[in-house]
6 protein chains.
Amino acid sequence: MAKRTAASKNGTAAKRSAKAQPRLAAAADDDPVIALDLGPAKLSPAMQAYFQKCQDKLGFVPNVLVAYAFDAAKLEAFATMYNDLMLAPSGLSKLEREMIAVGVSSQNRCYYCLTAHGQAVRQYAGNPLLGEHMVMNYRAARLDLRQRAMLDFAVKLTAEPWAVEEADRARLREAGFSDRDIWDIAAVVGFFNMSNRVASATDMRPNVVYHGLSR
Amino acid sequence: MAKRTAASKNGTAAKRSAKAQPRLAAAADDDPVIALDLGPAKLSPAMQAYFQKCQDKLGFVPNVLVAYAFDAAKLEAFATMYNDLMLAPSGLSKLEREMIAVGVSSQNRCYYCLTAHGQAVRQYAGNPLLGEHMVMNYRAARLDLRQRAMLDFAVKLTAEPWAVEEADRARLREAGFSDRDIWDIAAVVGFFNMSNRVASATDMRPNVVYHGLSR
Amino acid sequence: MAKRTAASKNGTAAKRSAKAQPRLAAAADDDPVIALDLGPAKLSPAMQAYFQKCQDKLGFVPNVLVAYAFDAAKLEAFATMYNDLMLAPSGLSKLEREMIAVGVSSQNRCYYCLTAHGQAVRQYAGNPLLGEHMVMNYRAARLDLRQRAMLDFAVKLTAEPWAVEEADRARLREAGFSDRDIWDIAAVVGFFNMSNRVASATDMRPNVVYHGLSR
Amino acid sequence: MAKRTAASKNGTAAKRSAKAQPRLAAAADDDPVIALDLGPAKLSPAMQAYFQKCQDKLGFVPNVLVAYAFDAAKLEAFATMYNDLMLAPSGLSKLEREMIAVGVSSQNRCYYCLTAHGQAVRQYAGNPLLGEHMVMNYRAARLDLRQRAMLDFAVKLTAEPWAVEEADRARLREAGFSDRDIWDIAAVVGFFNMSNRVASATDMRPNVVYHGLSR
Amino acid sequence: MAKRTAASKNGTAAKRSAKAQPRLAAAADDDPVIALDLGPAKLSPAMQAYFQKCQDKLGFVPNVLVAYAFDAAKLEAFATMYNDLMLAPSGLSKLEREMIAVGVSSQNRCYYCLTAHGQAVRQYAGNPLLGEHMVMNYRAARLDLRQRAMLDFAVKLTAEPWAVEEADRARLREAGFSDRDIWDIAAVVGFFNMSNRVASATDMRPNVVYHGLSR
Amino acid sequence: MAKRTAASKNGTAAKRSAKAQPRLAAAADDDPVIALDLGPAKLSPAMQAYFQKCQDKLGFVPNVLVAYAFDAAKLEAFATMYNDLMLAPSGLSKLEREMIAVGVSSQNRCYYCLTAHGQAVRQYAGNPLLGEHMVMNYRAARLDLRQRAMLDFAVKLTAEPWAVEEADRARLREAGFSDRDIWDIAAVVGFFNMSNRVASATDMRPNVVYHGLSR
């Protein structure tokens, strides 16, 4: 089976030759970014600005954006939904949304999302252990009732969505969540069930830098 | 537990009183549209036009849009991603994308998506049985190798995303799919794994009219 | 692998040649009735009368009977047990027995039984939606406590029979079922766990006509 | 919760008082025979003769018959189907049919059927170990290819009937089974998936004597 | 695939030739003891004495010890841990520890451990039926609350260890177990989850004699 | 529910009062070490030396040893078996044994073992990413065929030990493993299936220091 090159790390760069580069142990972990060979599209000005902002703020462009950059419309749709869900005002804190992201991704054993969002939990929590708990088994974290109920709902909705019913919503309300909060929990759970599958289907690789951050 | 009113069927209507309306057998199946009480937002002109287009073309606004209409940004992000995935040019036909939608939703036993997209398969295929096969057990359909490989991948990616690997992508390539097609399959699988969970978490109800269409 | 002819649709007809008939899209969905090549037996007078009664009353002979007609004793044993279970006096209504049939068949994803008995639920209920609920996810139906308890028991007994215990029977008694009713629930659940497997093992195909009835 | 008396061990006997009898360790294991209180029906002459034949030949009436004896029609339907399946001429030996019975019952962890049919395997095989293999894990038995293929099919059809397809039938044909044999395998698998569930739902208890026979 | 000889039944014997011995039905069930070809080590004096004690007391050396005898250090580590767990003073009776052993082994369907420890339950209980209950489905045994709680914990810890939490320990405490007892339950559950896997991985065969003992 | 003190971090220290110490975020993650209240035993001279060696070499005593220190015989049995398995000569490198440990612990979602042995993989591999791969999804690591076969076997033996058979051993032999290597793989898989359950049953907490090491 021919080795496939794939989305390059630089949205505007020419296609790399996988053969020309020896596989480097750690450095190569996210090269190629995905196991599909999709040429990069031309970024829209909005997306160019967004990539630049990532570069300036984080020091790198998250590989999921690099992966989606083969198609301008798909990249923009993904980024818009992501930013609304994870960053817009909500009854859930940004940390809580990242905790859901990692709890869901742990259930689905998604290497990309566990790495990227595990780092986000470590950072937002100011506590590297919380990230590890979410990655390994959220039940090992000593959470308050609210966050425990939130994650129990998230993991049940991930593992057996057909069995989620009014009693499950009632448990969230008893834990203090509003109906709008319940929507937001469901939407984040849904989003990562989507992203986990796009990442697994394409062998999407997280930027190597994530592993060492916020330890 | 107090009965909850929820997203109304008309994006601009006032909140209905659930108490004032006796539950009608079939007519009430999608009332309320979701089991969360979220007031409707003001639709943007673009979304007003979109709802009007649905009304004109289908004779109704799909309830998933009614459900998302409590928040203009979320509605727009959802509709944009949906329309790109399901309607934009792709190596997958629209029917194939709907077949994936229903195969995934069957694995997740999602009442909303099975109903709405089961109807779409019946319609696109010009064959009501194909919709029933997808709803009940896609293995019962007598598919060609391409579509069977596509659905096997879709259901595996839904049921055990952690186990999808190069060999699975290789099987798709052998069945004639390009790398771009593989992305599109993965993206549709992902999207319905998201939608199934938002629908199950909120008890989203499909428009009653779907059940009788394209039989 | 050679294509196999199988139980013919007419208990007394000669074996069709699968090669001589081009596969027609919808029309061919139940041809052959099963994927095993079993010559028809001579029907007993009782079974001839039964087939005639089906023809007169339904307009067709259900394919499950056609499938069993290769052996007179097996056909008679099946029909006798079926008619006792589904039609004899019981504390369960005929509709309730059909609801169990479909709930079990949905858990087992049995194309034959979902189609044939889904139609029966639509008909007995005078409500096409109830059939769809049973096929797709019985938890989506807005059932009273009695019928919900009945279906919860039926699906648990289907999915993990080893875990059914006194507490499960107690829940049925609390929902108003007598010990005799509990037997009848168990017997219908058992019967469809049998039929689902015979149907799946033989690729038994439901009469095409079912799909359009009682919509 | 009131203790319930149930099907008595003697089809014509009056209802025993559970309170009047101290629970005896081993002796009491099948008393009551089921956990439902169903008065015995009057046996038909045919069934009286059948019970007598069991008594004469085995020295006892199998408890499953005692359990069904509350209703003459159900008892007769059950016995007729059972005797045809397990004793009538077939390409499968009686031992093979019993091996399937136990393999299925092991998957479903059914105490009644493992005990009664485990004994039958020990007896027919003239080898107590084969019964233990079937009860504990059929993969531990050193079977020839034919019987291994038969049991692999039986257990797959039990555990995930939705996934059984032409390739599974092809494997049976390659192992030497005719289409009629495949029907018989499916029918025995189906029957014990039924019986396992009736037994589990009612806490049916095997005659104590089985445990010590054919060791 | 070449047939492999393996651990011999006599720790000091020369390697048997599998080809030279015709396979005997029952007699051959534990020959070879494991499906790996590992030459025996020289037993330490302590282990020689231990094997002799087994021979004197039981009339045979349990095959698990024969299997481990290829390496003196591993044999001694295994025997030391086993004897401490199963025989040293504990709030759990020896019978209770054997009940856990069989309940765990039933969940894992381990032929070796079900056979050897099923016999131990039959013997310690002075009741052959209790052994059969543990092998087939511990829920079929009519246990007191203490032993039922113990086995529920054991089987949950076996099947989904990630989900065991404070509430599970609390249930054991309510059933009368001390914290030390909980440790002992966990340790026996753990040990047999280890042994089940070593046995399954190597096709370890129980001494044939077990099957007939304590019936 | 009363808060329980438990195994202290110092084998000879008096029991801490959980109430007297406010819960500190990260610092408290391994306090108490387990959720059972078991007083420490007096360490044997051999174990005192072992603890001292840990302290000198690692800078801390692994909490699993602290947990077992309530009973001298159990501690010694555990340490002896552990050291033989993980450190004695074997065809498997120490890194490979640690990779199995983490792959198994990931399947079982064991917080203690993922943390402690994830660190060991990072250290032995000289590559922090390999530890993350093992923790998150071993299929994401780009392994050679030998190590991939080893982990596939380890995870299958963990998840469904009843299904491991000669074909699985054959795959290991084809990947270059000797029969002795297969034993060692099985033994390490078994050991961590034991340890994972003891850790989960007792809420065993890894030393906080592990999280930051070898990043």
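Here the scattering of chain D is modelled by Debye summation over its C-alpha atoms, one equal scatterer each and no solvent; at q = 0.12, 0.18 Å⁻¹ the log10 of I(q)/I(0) is -0.66, -1.31. Once neighbouring chains are kept in place and the probe is 1.4 Å, which whole percent of the accessible area of the protein assembly as shown is contributed by carbon and sulfur? Percent of accessible area from carbon and sulfur atoms in the protein assembly as shown: 56. Applying a 4.7 Å Cβ-Cβ cutoff to chain D leaves D:54 as cysteine residues with no disulfide-compatible partner. Counting from the shortest, the label point at residue C:123, 7 Å from Cα toward Cβ, is 2.9, 4.3, 6.3, 6.3, 7.2 nm from the same position in each remaining copy.
Near residue F:77, once Lys and Arg are set to +1 and Asp and Glu to -1 for all other residues with Cβ below 14 Å from its Cβ, the sum equals -4.
With label points set 7 Å from Cα along Cα→Cβ, the inter-copy distances at residue C:60 are 2.7, 4.9, 6.0, 6.0, 6.9 nm, sorted shortest first.
Legend: residues B:164, A:208, sorted from most to least accessible area (1.4 Å probe; ligands, DNA and RNA excluded), read A:208, B:164.
Per residue, the solvent-accessible area of chain D (1.4 Å probe, heavy atoms of protein chains only, all protein chains present) comes to 36 Å².
Taking chain F as a Gaussian network of alpha-carbon nodes connected by springs under 10 Å, the highest mean-square fluctuation of the residues F:116, F:67, F:159 belongs to F:159.
Across segment B:90-212, counting alpha-carbon atoms alone, Rg and Dmax equal 13.8, 42 Å. With viscosity 1.002 mPa s and temperature 20 °C, the Kirkwood radius over alpha carbon pairs of segment B:43-88 converts through Stokes-Einstein to a diffusion coefficient of 201 µm²/s. For segment C:61-131, treating each Cα as an identical point scatterer without solvent, what Debye log10 I(q)/I(0) comes out at q = 0.11, 0.16, 0.26, 0.28 1/Å? At q = 0.11, 0.16, 0.26, 0.28 Å⁻¹ the computed log10 ratios are -0.29, -0.61, -1.21, -1.25.
Here, the protein assembly as shown yields an orientationally averaged convex hull projection of 49.9 nm² when only Cα atoms define the hull. When its C-alpha radius of gyration is set against 2.2 N^0.38 Å (N residues), segment A:91-140 gives a value of 0.97.
All other residues with a Cβ under 12 Å from the Cβ of residue C:213 taken together, and with Lys, Arg as +1 and Asp, Glu as -1, what is their net charge?
That works out to +3.
Let me have the 222 nm mean residue ellipticity of chain F computed from DSSP H runs of 4+ only, each contributing -39500 (n - 2.57), with the sum over all residues rounded to the nearest 500. One gets -18000 deg cm²/dmol as the mean residue ellipticity at 222 nm.
Out of every Cα-Cα pair that segment E:161-215 contains, those further apart than 12 angstrom amount to 75 percent. Treating r as the C-beta distance of residue A:171 and residue F:159 and R0 as 35 Å, the FRET efficiency rounds to 0.75.
The values are calculated or read from the model by the stated rules, or taken from the named source; none is laboratory data. Given the structure is predicted, the values throughout are model-derived calculations rather than measurements. Every residue, glycine among them, receives a Cβ derived from its backbone with ideal geometry; neighbour counts consider all protein chains shown. These area figures cover heavy atoms from the full protein model, side chains too; ligands, DNA and RNA do not enter into them. Shrake-Rupley method; radii C 1.70, N 1.55, O 1.52, S 1.80 Å.
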